[in-house]
Amino acid sequence: MLSFFLRRLLIAIPTIFLISIFVFGLQKLLPGDPLLVLAGEERDPAVLEFLREKYRLNDPIPVQYMTWAGNALRGDLGISLRTNQPVTELIAQKLPVTLQLAMMSLIFAVVIGVPAGILSAYRKGTMVDWVANVVALSGLSIPNFWLGIMLILLVSVKWQLLPASGYVPPGEDLWLSIKTMLMPAFVLGTALAATLMRHTRSAMLGVLTSDYVRTARAKGLSERKVVLKHAFRNALTPIVTMTALLFGELVAGAVLTEQIFTIPGFGKLVVDAVFNRDYAVVQGIVLVTAVGFIVMNLLADMAYVLLNPRLREA
Amino acid sequence: MLSDLTWTNLALVQVSQKEIALLHKDANDVLMALGDFRLRFRGQDACVIDGVDLSVARGEVLCIVGESGCGKSVTAMALMGLLPSGSAEISSGTLRFDGETVDLTRDRLSSERRGGAMAMIFQEPMTSLNPAFRIGDQIAESVLQHRGGSKEQARDRTLEMLRRVGLPSPEARLRQFPHQLSGGQRQRVMIAMALANDPKLLIADEPTTALDVTIQAQILELIRDLQRERGTGTILITHDLGVVAEIADTVAVMYGGQMVERGPVAQIFDDPQHPYTIGLMESVPRLSGERARLTTIEGSVPSIDKMPEGCRFRTRCAFAVAACAERPALRDVTPGHAAACHFVPLEQHLRVAV
C-alpha cells in the first residue's frame, strides 16, 4: 500500500512539471506586453530596455522558465505588477478566506447531500425520492448569482438576519465570521450538495440490492444498521472520491460567489489580477490552483485505496 | 450371504421407522408450517407462487426440488422475510414458526428470529459477504445481535464456528476479508454465520450451485453433519436429485409456483405420482441398467403471464385431459405422500388403461 502511495506521489511530480510549463507558456502566448503595463504611459525605448533587463526578459525562454520555476520552488512567485507585493504573500492572505468558504460549503453539501442521497435511494420511487430529486435538480439549475442576490435581498435586506457581504476572519470573531460566511457557503454549496446527492443516490442504489445487504438483513440486523453500516460503507468509496475532487472545483468556483458577497478571497484576487493584466499574480494563482487540484486528486486516490480492503491489503 | 440380507432388512426397517415417525408429525413437533402461500410480483396478474403449503418438523430435512423459476427461492426468501415489500405482493399466507404465527400478507418474520432461530445460507457465496468488513466481525455481528454478551464472547463463538466448519487456521481467518477466501471457504463462512446462533430452522438455497464440483460434496456433507449434530430442521433447495436422495427425509416438488407432490423421500423416488415428478426422476442418468437416451420433459416452463389455468403442468403433460383445466388438489396417495393430479393414484388408472 505504501508503495502505491509513493508511486502516486512520484507520478504527481511530472504532472506538476508539465503544468508549470503550461502555465509559463500560456503567459507568453497571451496578448499584451507586461512591460507596457509596467511602464504605464512611458514609451521611452531606454526605459523599456532597462525593465526588460531588470526582469530578465531578454534571456532565452527556457532560461526564463528555469529562473521562474526555480524561484517558484523556493516559494517566490514574483511580485505583483500593480501593488508591488510578493505574489506568495497575496495568495497567502487570500487563500485562507476562500478555503474557509469552501470548507463551509463542503460541510453544508455533505450534511445535506449525503443523507438526502441515502434517503432517496432507500425510498426509491416514492414521494421522498421525487422531492429530493426535484430539489437537487433545482439546486443544480439555479444560477449562483441569482440565488445569492435573492438571499441577500430576503435574508439581509428584508429580514436583516445575516450580514449581506464582507469578511470577518475567524480569529477575530468566530461566530460573526461563520455568520457572515453562512449565505455565501450556502450559495456555493447548493450545486455541490445536489451533485453529491445524485452521486450518493446512485452509489446507494447499486449497493442496496447487493447480496451482502441481503445477508445483513438475514442476520436480523435493524434496517438502520443494514443501510447505514453494510450498504453505506460500500457506497462510501465513490462518494469520498467525488467529494475530494469537488473540493478543488469549489476553490476555483468561488470566483462568482466572492464577487456577489464582496469577499476578499482568492476568486476576487483572480478577477482583479486578470483585469489588471497582473501577469505574475495570474501565473501564481493558476499554478497554486493546479497544484491544489493535484493534491486533492492524490487524496481522492488515497481515500479510494484506504476505503477498499481489496486494494489496501494488496 | 445371510448376514448381508439381514443388514439390508435392518436398514429397511430403520428407514421405515423414521418415515413412520415423520408421518405422524405431532402438532408439537412441527417446527415451521407455511399455509396457503400466494405471491405475485407487482405489475403481473398471475401468481408466481400459487398456493403452497410446507411444513418442517424438528430435525427434519425437507428438500424442495423443481426447475429454476418455479418459486423455490422466492418461497425461502418469504419465510425469512427477505422479500422486498415494494415488488412482491403476498396475497395470502400464514407462517407458523416455533410458537409464533405471522400473517405474511401484513407482516414478516420478526428480526429477533431472523438470523437467530431461523437462518439462511445463500446460493452466491462470492457476493454474499460484505467486502468491506472482516470475516470475524461479520459473524460476530450476528452473534452479538442475537445472543448479546461481550465482544470477546462473540469472538470466541465465531472462532468456535470457524473451527467447526473446517476452515484452516481459523484465528487468521478472523482478520481476513472475503476477497482473500475462495468460494468454498466463503460458503463455509456463510454456514458458520448461519449456524452461529444455533437456529432451529436452517434454510439452504442451492448452497453448492455456485461452487466447484469437487467442493460441492464437502459443503453438503458439512451441512448434513452439522444438521444431524444439532438436530436442526432444514429446508434444502436444490435441483440435484442425487443430493436429495442422499440427504432428504421428505421431498417437496414444485412446478410453476405450485406444489405438485410431496412425501417421504423413498416414496417420491420409488413411487412418484405426479407426471412432472415422474419426468424429473426419468431425467436422472443411471449407472445401472440398459443404456438409453435420457428422458426429458417436452417443452419448457411457460413464462408467468402464459401460465395455464388449473394444473400449470398440463401444457407439457402427456396425460393432460380437459379436466386438467380445473386445478387438482393435493391428494393423499398414502398417508404423508400427496400429489396434485386428477389421476392420482396413478396405478389404478394405468391398470385401467392397460
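The values are calculated or read from the model by the stated rules, or taken from the named source; none is laboratory data. Because the structure is predicted, anything quoted here is derived from the model rather than measured. Every residue, glycine among them, receives a Cβ derived from its backbone with ideal geometry; neighbour counts consider all protein chains shown.
Residue A:282 passes all but one of (1) of a type outside the set (S, T, N, Q); (2) within 14 Å of chain B (Cβ to nearest Cβ); (3) outside any loop (DSSP other than H, G, I, E, B); which number fails? Only one criterion is unmet by residue A:282, namely (2). In segment B:329-340, the residues that are part of a strand (DSSP E or B) reach residues that are β-branched (Val, Ile, Thr) and modelled with pLDDT of 90 or more with C-beta atoms within less than 8 angstrom, at least six apart or across chains, in these pairs: B:337/B:268; B:339/B:260; B:339/B:277.
Looking only at residues of segment B:59-73 that are over 18 Å from residue B:276 (Cβ atoms) and surrounded by fewer than 20 Cβ atoms within 10 Å (Cβ to Cβ), we find that the one that is nearest to the other protein chains (Cβ to nearest Cβ) is B:73. Against the list (1) buried (at least 18 other Cβ atoms within 10 Å of the Cβ); (2) more than 14 Å from chain B (Cβ to nearest Cβ); (3) more than 27 Å from residue A:78 (Cα to Cα); (4) within 20 Å of the chain's Cα centre (by Cα), the condition residue A:239 fails is (2). Please determine, by comparing only the residues of segment B:192-221 that are aliphatic (A, V, I, L, M) and within 16 Å of the chain's Cα centre (by Cα), which one is nearest to residue B:99 (Cα to Cα). The selected residue is B:201. Per the listing A:266, A:275, the residue uniquely more than 21 Å from residue B:134 (Cα to Cα), aromatic (Phe, Trp, Tyr) and in contact (Cβ under 8 Å) with a residue 40 or more places away in the chain is A:266. Looking across segment B:126-149, the residues that are within 9 Å of chain A (Cβ to nearest Cβ) and either touching a residue at least 40 places away in the same chain (Cβ under 8 Å) or more than 21 Å from residue B:76 (Cβ to Cβ) (or both) come down to B:126, B:128, B:129, B:130, B:131, B:132, B:133, B:134, B:138, B:141, B:142, B:146. For segment A:285-314, a residue qualifies if it is away from chain B (no Cβ under 14 Å) and small (Gly, Ala, Ser), and the qualifying residues are A:290, A:292, A:300.
Does residue B:209 satisfy being surrounded by fewer than 19 Cβ atoms within 10 Å (Cβ to Cβ) and within 14 Å of another protein chain (Cβ to nearest Cβ)? It is true that residue B:209 is surrounded by fewer than 19 Cβ atoms within 10 Å (Cβ to Cβ) and within 14 Å of another protein chain (Cβ to nearest Cβ).
Residues that are of a type outside the set (A, V, I, L, M) and either more than 22 Å from the chain's Cα centre (by Cα) or assigned by TED's automatic domain parsing to the domain that holds residue B:39 (or both) number at least 3 in the following strands (runs of 3 or more DSSP E) confined to segment B:76-157: B:88-97, B:100-103.
For segment B:158-179, give me each residue that is surrounded by fewer than 17 Cβ atoms within 10 Å (Cβ to Cβ), part of a helix (DSSP H, G or I) and within 14 Å of chain A (Cβ to nearest Cβ). The answer is B:172, B:179.
One residue alone among B:112, B:89 is more than 26 Å from residue A:236 (Cβ to Cβ), at the interface with chain A (Cβ under 10 Å from one of its Cβ atoms), surrounded by fewer than 19 Cβ atoms within 10 Å (Cβ to Cβ) and of a type outside the set (A, V, I, L, M), and that residue is B:112.
In this structure, is residue A:233 within 23 Å of residue A:133 (Cα to Cα) and facing chain B (nearest Cβ under 8 Å)?
Details: within 23 Å of residue A:133 (Cα to Cα): yes; facing chain B (nearest Cβ under 8 Å): yes.
Yes, satisfied.
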